[in-house]
1. Name the residue that is surrounded by the most Cβ atoms within 10 Å (Cβ to Cβ), counting only residues in the range B:263-312 that are at the interface with chain A (Cβ under 9 Å from one of its Cβ atoms) and under 21 Å from residue B:413 (Cβ atoms).
2. Among the listed residues B:124, B:133, B:172, identify the single one that is out of contact with any strand residue (DSSP E or B) (no Cβ under 9 Å at 6 or more places or on another chain), under 25 Å from residue B:55 (Cβ atoms), β-branched (Val, Ile, Thr) and assigned by TED's automatic domain parsing to the domain that holds residue B:50.
3. Across the range A:299-312, which residue is nearest to the other protein chains (Cβ to nearest Cβ) among those that are at pLDDT 90 or above and outside any helix (DSSP H, G or I)?
4. Out of B:13, B:58, report the one residue that is within 19 Å of the chain's Cα centre (by Cα) and in a loop (DSSP other than H, G, I, E, B).
5. Any idea which residue in the range A:38-65 is nearest to residue A:325 (Cα to Cα), counting only those that are under 12 Å from the mean Cα position of the chain (by Cα) and part of a strand (DSSP E or B)?
6. May I ask you to list the residues in the range A:201-212 that are surrounded by 20 or more Cβ atoms within 10 Å (Cβ to Cβ), more than 10 Å from chain B (Cβ to nearest Cβ) and under 22 Å from residue B:282 (Cα atoms)?
7. With (1) part of a loop (DSSP other than H, G, I, E, B); (2) at pLDDT 75 or above as the list, and residue B:343 as the residue in question, which single condition is left unmet?
8. Being of a type in the set (Asp, Glu) and part of a loop (DSSP other than H, G, I, E, B): is that true of residue A:224 here?
Amino acid sequence: MTEDILRVHDLSTRYFTQDGQVNAVSNLDLRIERGEVFGIVGESGSGKSVTARSIMDLIEPPGEITGGEIKYRNGEFAETVADEHPNAVNGEFVNLLELPPNVRQSLRGTSFSMIFQDPESSFNPTLTVGEQLAEAVEVQRRASARPRSTRARTQSEEYSLGNFLLSTVLPSQKYITEESRERAIELLELVGIPDPVERADEYPHEYSGGMLQRAMIAQALAGEPDVLVADEPTTALDVTIQAQVLDLLDELQEETGMTILLITHNLGVIARMCDRVGVMYAGEIVERGSLEDVFDEQVHPYTQGLLGSVPDLEGATRRLQPIPGNVPSLLDHEMDDRCYFADRCPKAMEDCLEHPPEFEVPGSDDHEVRCVLAEMEYAESRAVPDDHFSETSRTAADKHADPDRTEDDVQPQRAEQPVDDSGGDRL
Amino acid sequence: MSRRSGRPLVQVEDLQKYFWENDSILDRLFGDDPVPVRAVDGVSFDIHEGETLGLVGESGCGKSTTGETLLRLQEPTDGHVTFDGHEVYDLGGDELTAFRREAQVVFQDPFSSLDPRMTIGETIRQPLEVHDIGTDDERRERVRDLVERVGLSPDQLDRYPHEFSGGQRQRIGIARALALEPEFIVLDEPTSALDVSVQAQVLNLLDDLQDEFNLTYLLISHDLSVIRHVCDRVAVMYLGEIVEIGLVDELFENPDHPYTQALLESVPRASTDERDRDRETLAGDVPSPRDPPSGCRFRTRCPMVIPPEDLELEQETYRELMSLRERIERRDISLESVGDDGQFDADDGSVPDEDVPAFIAAVKERLLDVPLPPRHDAIVEEALAELAAENWEAAAERLRTEYESVCERESPDLGEQAHPVACHLHGTASERTAEPDSWT
């Protein structure tokens, strides 16, 4: 058994919006082993991106990490920060949330890197790809020269104010040293871009989508990170290109032994890449375990619904079994203290009206589920009456709740009844 | 298949749609020739009444343009579309209005295809007003029926689009398309903006509506599993052309075209066996539709490109050589950067004679991953020697005489057989070349 590289405990991230407090991530526990690929899967608005951004410390106001611990295992790093921040250190683990922003910033790139969904909008269109990669390399070089701070050095000749002003007039390659440029080319070659020397001098618009995604992966690898957070890395790509990028990530992971936290809504990508999986719903992980636990032995009705919604590429045509209704509101005052899935769940029971803890599922070491069905059988006699939720919790659920995509989660009341008829009749 | 007569409801014949670049008055004045972007380049297919035809392909292959052009939302460059026996591009006046009633469209993005300043009641009512159907009361009644039919509540008619989720908005778009009781609906990526669970709801809804109203669908999608689930027949598009068309089960179980095979291989399956599945990934990107490859358009990426008959080479090696040729023909190798810094610099651009062998070795190492048999090694070296002297044409010519493939000389036809495939490996064309089994 390998050691844990990251332990997230009781993490809560909230957004304080005009409509009220949005519980994007609530009391989330997560454990990632060194060298594995951990997948988080969920629908839009389930909090999977916010989880990734919390780990990267990229939460911006009105969002805030309101509680919990993110513990990162790195003995060397623990020693360096032990003197100044003794509270944060516990053995080899460092609680990142106890560290000041500048120290956390120094971890970005060297310990944690991130690749984003949309490569076309993640690059600066006015700089060549080579320069942008070299920039990332430069930041890492300066950071490693003086650990624990990445504030730009202006003392040296290369980075003087005069030179900076000159670089605004002259082609800006001036601002980047020859070594970092060479390293950038090496990185481009590493991710399989043909002719890296010429390609480095091209602008993002001259790249295709798949190549830009490769370039972004190269940029993330510049600091040789321990943990790579990939947030929907292939969502914007065509299937043949998606296959190329997934192959690349697979190869790089084997070569460098880095840990990948893969976030996606595509169950196929999860099955292709991951060792262990967490299924997120309404800001919580509702089921977690090895790939086999979740895909073959799943307990939670949401996981079942998610897998039942995917049209099968190979099997005969059958009617899809969708989950009725929509993703719930995450506004604090609209979230009752119950299982958040109960209102869409075909097996909701009276026991579901209390918020379930995580139950261990027998038969596997690592399989946990936030559903009472792990402990008891579904009984018709205890079922919640159909109209229970439409009267109580749905009435106010009319405002948007998702911090990232404001329009996505609006839910007018009573929409669910007809939806049930059209979709859930064969469940 | 059709109940009224044997004639298909929609017949598309050799449809072309080019977009023109450099086509402004200024460009004309300066003498720049317009450049055609061949978005759709000669596609033909039939859609029978009551069936669902799927159109699948990667982004930029022209599938949406095909959908829009056959509805006459865009004027075609060439070709014919007949709808129920009438030539769509010759319609005018009342006939055109009648066609617009019969053929509707549901767009991809439910966030931008609804007017944010109209309530959904107004949105769904608008087609009825435009076509002047019914009295006010009848219209109101019809809108209420439609909204209920697509799974929303009539109480929501006074709400605005921003109050709805993506799946609900797509339902509104479907209700709007149904308002005029059309026979034929083009569904342009109806679920690609939706989450899987919501996508499943919408697909089931579309299925129910088809049964209920006897609708004919053209479903445009890049998602193969959606196509498999919903369609009766499928057409696969690549770079403006249809490469394979057939019944859905036949095409998914026995794909004949190498592109269809690659496409199916690439989709990650949501099952635990996925990691151990053997899969072959397609290399490279889709070429530009401004200057599509001659012959078969897929030949630049095709792992099964057909070598000349008497050539004794591994398929993989031949593929490598073809990729090298491709780059020489496109002049896509920068000679200055070959070798170490400035190793081969020369004033007039060509490499000095004494450096030529080293130059050839450097290029070969960079561009070819596989070792070549001696005879072919010699040919490649000759070609690269021409390259060292900046004779691109001669280098390309040298390789062309030796390695020209039937795939680039002749454009494969779809053919007339029951399961048409535009590939030289299949159908009539294969008889003229080597036996396909001899090299696969």
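1. Filtering first and then ranking leaves B:263.
2. B:172
3. Only one residue fits best here, namely A:300.
4. B:58
5. Looking at residues that are under 12 Å from the mean Cα position of the chain (by Cα) and part of a strand (DSSP E or B), I get A:41.
6. Matches in the range A:201-212: A:212 only.
7. Every condition holds for residue B:343 apart from (2).
8. yes
The values are calculated or read from the model by the stated rules, or taken from the named source; none is laboratory data. Note that this is a predicted model, so its numbers are computed, not measured. For neighbour counting, all protein chains shown are included, and Cβ atoms are generated from backbone atoms with ideal geometry for every residue, glycine included.
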